[in-house]
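Laboratory data are not the source of any read-out in this text; all were calculated from the coordinates shown. Being a predicted model, the structure only gives us computed values, none of them experimental. Positions of Cβ are backbone-derived with ideal geometry, glycine not excepted, and every protein chain shown enters the neighbour counts.
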Amino acid sequence: VSHPHAEETQLAEPHLGAVLASAGLDAEYVRAEGNMLYQRAEDGGEIPVLDYAGGYGSLLLGHHHPKLVAYAKELLDAGVPVHSQFSLHPEAARLALTLSRIVRRESGYEEPYFAIFANTGAEANEAALKHAEMDRVMRLGALLATIDDGITKAREAVRDGSATIPAEVFERVGLEPRDSGVAALNELTHHLVTRNATQAGRPPVLLTPEGSFHGKLVGTVQLTHNEGYRNPFKALAAQARFVPLDRPGMLRKMADEERATLFGLEVADGLVRLTEHDAPLICAFILEPIQGEGGIREVSREFVQEVHEVCAEAGAPVIVDEIQSGMGRTGDFLAGTRLGLRGDYYTLAKSLGGGLAKISVLLVRGSRYQGQFELIHSSTFAKDGFSNRIALKVLELLEADDGAAYRKAAELGDRLLAMLGSVRDDYPDVVKDIRGRGLFLGLEFHDQSGAPAAPVAEAARSGLFGYLVAGHLLRGHRLRTFPTASAPNTLRFEPSILLTDDEIKWLETALRDTCDIIQGGYRRPLELP
Ligand code: PMP
């Protein structure tokens, strides 16, 4: 393989380049098509590499899908406006309608979903958090206004002598019982208003499962469980509470711990009474139906049930992050469909752009949607004329022939899973587990930190074993995949629906060779650069 630019000074993330090189993953690709990437050989020819990383989930339709490429050329040749922010976008309206129709079909909600467009996955999740927080603050404001109203009415009633304040009202809020005069009234209302302001000012609570990955921007990184990504930035934004997936009842317990009670006053039968109100403290619950970077792990139906119940009680929206799992990859448009998961919000990105455009979207269920959000959230690049139209074409391709693409993803996934299962069965000491659905699969290796070969054990101890294997697959088998970002012992397989039987066989040969090497005590070393 030739490296024509190797001698040049590297200023574009050279540290990352060095890390890739240390695992033998420093490949340059010069062309892409379908499931293949091509490197340039020394003799000027091309070296094909089979791509199972699939753009980390953005290439369900493969690299350079011919219909998308032809359409993209057509759009550019026709001079279709690309950047025309703050104008009417009928194609965006059509895209939103199409997405809403598909999501309603799968979620079972009757209401339409409104769309806010963005550029990246993390950005769509940031928009979701902002919308949820705006909605929470508005609900909180409305509650405080109602309480203020009640307090004002009670003050008037005490002032004009039509009501008195019983001693128990003071006692319940921790004040000395007083006579019912104006000074006592002032003390009581001051106490209530101050206390309410403190409770209402508590930071919003965000809940998400352990293992979650929702992006690396300032807000979303707080919801990404991996401490390596999150810890340096903790001070920048509201913190999430991480809910274990395998302990039923924990979500309920955590939600119960996050309660804020506000007090108000009302007048009945000439007496001032205390009223209690639950303030909306929980901003949102956000989850991936199948965790991607957390190691291709599907949440259970029981967990989904608990999410629905707890969020309904708390009045908090359920945000379903389908950025990696959605767009048909699992055999349904949404991975949550099979789990009975119903989102108030959905986020989509990755394959929505068909591998050519950068586009993401936040969908919000009609009755939870706050139109004002549109006036305070935007991006120069969001909702651009090119990406909108490419995304519409992607949906057209997915929905064609009554969803043939979804059936294809499911059927190919079954075959790929069966092959991975046969590898696991033949190498039970090497392969710990295989997981996932459709073309969203993972293979977890047993921990190798006690391996006889020192470099392997060392890689395992520093969380780099998966990258060592990825390096071997690339260099030894011309096959590209990576570990999941937060579970580095799990390899990801996210090919496109163009996957062939030969390509499944190619992966099988590569995996069996890798397992042979690991099982054989590394008599033949995993190829190191
Ligand atoms: N959510 C999920 C579930 C993801 O898998 C990812 C990317 N791996 C993101 C959010 C972030 O998307 P992006 O990289 O486009 O910001």
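Using the count of nearby Cβ atoms within 10 Å as a rough guide to exposure, how do Arg101, Arg492 rank from fewest to most?
Arg101, Arg492
Counting just the Cα atoms, what span does the range 63-174 cover along each of its three principal axes? Round to the nearest Å and put the largest first.
Between the extreme Cα coordinates on each principal axis of the range 63-174 lie 80, 31, 25 Å.
If one computes P(r) from the Cα atoms of the range 160-298, what percent of pairs lie at distances over 22 Å?
55 percent
Semi-axes of the equivalent ellipsoid for the chain, please: Cα gyration tensor eigenvalues, times 5, square-rooted, ordered largest first, whole Å.
52, 28, 20
With both bridge residues required to lie in the range 177-314, what share of the DSSP beta bridges run antiparallel, to the nearest 5%?
Counting DSSP beta bridges with both partners in the range 177-314, the antiparallel share is about 60 percent.
Please report how far the C-alpha centroid of the range 263-304 lies from that of the range 467-518, rounded to the nearest whole angstrom.
Distance between centres, Cα-based: 42 Å.
Taking the Cβ of Arg155 as the centre, find all other residues whose Cβ is under 13 Å away and add up their charges (Lys, Arg: +1; Asp, Glu: -1).
-4
If we count every other residue with Cβ under 13 angstrom of Gly17's Cβ, Lys/Arg +1 and Asp/Glu -1, where does the sum land?
-4
As a test of the formula, what do you get for the chain when each DSSP H run with n ≥ 4 contributes -39,500 (n - 2.57) and the sum is divided by the residue count, at 222 nm and rounded to the nearest 500 deg cm²/dmol?
-13500 deg cm²/dmol
Show me, bin by bin at 5 Å from 0, the whole-percent P(r) of the range 278-419 based on Cα pairs.
Result, from short to long distances: 2, 9, 15, 19, 20, 16, 11, 6, 2, 1, 0 percent.
Test of understanding: what is the full-extension gain from Val137 to Ser87, defined as 0.36 nm times their sequence separation minus their Cα-Cα distance?
Additional length available on full extension: 15.1 nm.
Are any of the pairs Lys216/Lys393; Lys350/Lys383; Lys350/Lys432; Lys432/Lys505; Lys73/Lys130; Lys67/Lys358 more than 25 Å apart by Cα-Cα distance, and if so, which?
From Lys216/Lys393; Lys350/Lys383; Lys350/Lys432; Lys432/Lys505; Lys73/Lys130; Lys67/Lys358, over 25 Å: Lys216/Lys393; Lys350/Lys432; Lys73/Lys130.
For each of Ser351, Ser378, count neighbouring Cβ atoms within 10 Å of the residue's Cβ, then give the residues from fewest to most.
Least crowded to most crowded, the residues run Ser378, Ser351.
Can you pull the semi-axes for the range 14-107, root of five times each eigenvalue of the Cα gyration tensor, sorted largest first, whole Å?
Ellipsoid half-lengths, sorted descending, are 35, 19, 16 Å.
So what is the relative contact order of the chain, in percent, for Cα pairs below 8 Å that sit 6 or more residues apart?
21 percent
How large are Rg and Dmax for the range 358-495 when only the alpha carbon atoms are used, in Å?
Rg, Dmax (Cα atoms, Å): 20.8, 61.
Just add up the charged neighbours of Asn489: K/R +1, D/E -1, any other residue whose Cβ is under 11 Å from the Cβ of Asn489.
Summing Lys and Arg as +1 and Asp and Glu as -1 gives -2.
Going by C-beta contacts inside 10 Å, put Tyr29, Tyr71 in order with the fewest on the left.
Tyr29, Tyr71
For the chain, what proportion of DSSP beta bridges, expressed in % and rounded to the nearest 5, is antiparallel?
In the chain, DSSP labels about 70 percent of beta bridges as antiparallel.
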